[in-house]
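See below for the structure under consideration.
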Amino acid sequence: MSNTDTPNQYAMQNPLTQYPQPEFPHQTQTPPGTVHDLHPAADHGEKSYRGFGRLAGRKALITGADSGIGRATAIAFAREGADIVLSYLPEEEADAGEVVALIEAEGRKAVALPGDLKDEAFCIELVKNAREALGGLDVLVNVAGKQTAQHDIADITTEQFDATFRTNVYAMFWLCKAALPHLPAGATIINTASIQAYQPSPTLLDYAPTKAAIVAFTKALSKQVASKGIRVNAVAPGPIWTPLQPSGGQPPEMIPPFGSETPLKRAGQPAECAPLYVMLACQESSYITGEIFGVTGGNTLP
Ligand code: NAD
Ligand code: MG
């Protein structure tokens, strides 16, 4: 599948055959990877996502917005009427530039603020700069993440363990902490957990616990800020076709069958995650907070 023959995600069809099914070709990338080295190409809704004004005038900060799930979310948010600050790593400028162009094509504001979320000072600056650039902030979407597969605990260095927790857990904490004093009633925070929080793979001994931490953090924070009228939820994807996976997120031999273990027998696409982020950001989900929603191809959450 190429970006030019993306399926219509609104036409009723069999979800088993809606998108490419395993086997995928063998492929590896150097982290953080790029959408352009994914074979087959992933669908981020570039050609298909249709907005209905559900986020008209909202101001959103989205991390990991250059590629994968964050890219699909950024495209969907812009088509729903939001202005967006995109966070990503400096080496991901090429992917991010395409998302900026797609957002601007919708007549929305796109502000690129690259940098390393492992750094607390950068996270604090990011929220401040995002507020200044957008004239406020009312949606924080934490999508950025690090995943590095290792077969043996002996091969997980303290540096890897630390970087995974900093990227996935500490950055979320720092960004929420910096944003919350400025978020108005009606604002929403959406975190990105994983099926790994509930069904951890033996190769993801550092990553899976970060996702369990995100689940608990999301539930606890939702109760803490409910009285302010701020809602906090998380999306927990199953296997989704993004650069994270062939860039060391899976052992190389797990890429060809990636997603085949799900009841829907294939990997999900970023475009299949974005509608849930939209729903959780917009006012239609006004009575939903502290919840974790799976996008797992049928490997149900507990
Ligand atoms: P992706 O590689 O497209 O996105 C991850 C992004 O994280 C990168 O693009 C990068 O911009 C950002 N990032 C990583 N380290 C960073 C750092 N130090 N500073 C700033 N940004 C940094 O992959 P994706 O699969 O779309 O990942 C998005 C989220 O979804 C992650 O939290 C991941 O854990 C989660 N997730 C993915 C899957 C899957 O199968 N792809 C499954 C469950 C959960
Ligand atoms: Mg990327």
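The values are calculated or read from the model by the stated rules, or taken from the named source; none is laboratory data. Small disclaimer: the values here were computed from a predicted structure and weren't measured. Note that we place each Cβ from the backbone using ideal geometry, even for glycine, and neighbour counts take in every protein chain shown. Surface accessibility is based on the protein's heavy atoms, side chains included, excluding ligands, DNA and RNA. Shrake-Rupley method; radii C 1.70, N 1.55, O 1.52, S 1.80 Å.
Give segment 88-102 a look and list any residue that's in contact with a Pro (Cβ under 9 Å, 6 or more places away or on another chain) and either aliphatic (A, V, I, L, M) or within 11 Å of ligand 2 (Cβ to nearest atom) (or both), or say none.
Matches in segment 88-102: Tyr88, Leu89, Glu91, Glu92, Glu93, Asp95, Ala96.
Filter segment 242-263 down to the residues that are touching a Leu at 6+ places or on another chain (Cβ under 8 Å) and near ligand 1 (Cβ under 7 Å from one of its atoms) and list them by number.
Within segment 242-263, Thr242, Pro243 meet the criteria.
Applying the selection to segment 244-290, what residues are in contact with a helix residue (DSSP H, G or I) (Cβ under 8 Å, 6 or more places away or on another chain), farther than 21 Å from Pro40 by Cβ and not small (Gly, Ala, Ser)?
Pro275, Tyr277, Val278, Met279, Ile288, Thr289
Checking Lys146 against (1) more than 9 Å from ligand 1 (Cβ to nearest atom); (2) open to solvent by 60 Å² or more (accessible area, probe 1.4 Å); (3) of a type outside the set (Ser, Thr, Tyr), which single condition isn't satisfied?
(1)
Inspect all residues belonging to segment 126-134 and state whether any of them is over 23 Å from Ala76 (Cα atoms), crowded, with 16+ Cβ neighbours inside 10 Å and under 18 Å from the mean Cα position of the chain (by Cα).
no
Residue pairs, Cβ under 9 Å, 6 or more apart or interchain, first in segment 210-221 and more than 13 Å from Val235 (Cα to Cα) and open to solvent by less than 10 Å² (accessible area, probe 1.4 Å), second hydroxyl-bearing (Ser, Thr, Tyr) and assigned to a helix (DSSP H, G or I). List them.
So the pair list comes out as Thr210/Thr164; Thr210/Thr167.
Would you point out the residue of segment 12-38, among those that are touching a Ser or Thr at 6+ places or on another chain (Cβ under 9 Å) and β-branched (Val, Ile, Thr), that is least open to solvent (accessible area, probe 1.4 Å)?
Only one residue tops the list, namely Val35.
For residues that are under 15 Å from the mean Cα position of the chain (by Cα), open to solvent by less than 20 Å² (accessible area, probe 1.4 Å) and within 15 Å of ligand 2 (Cβ to nearest atom), tally how many sit in segment 238-255.
6
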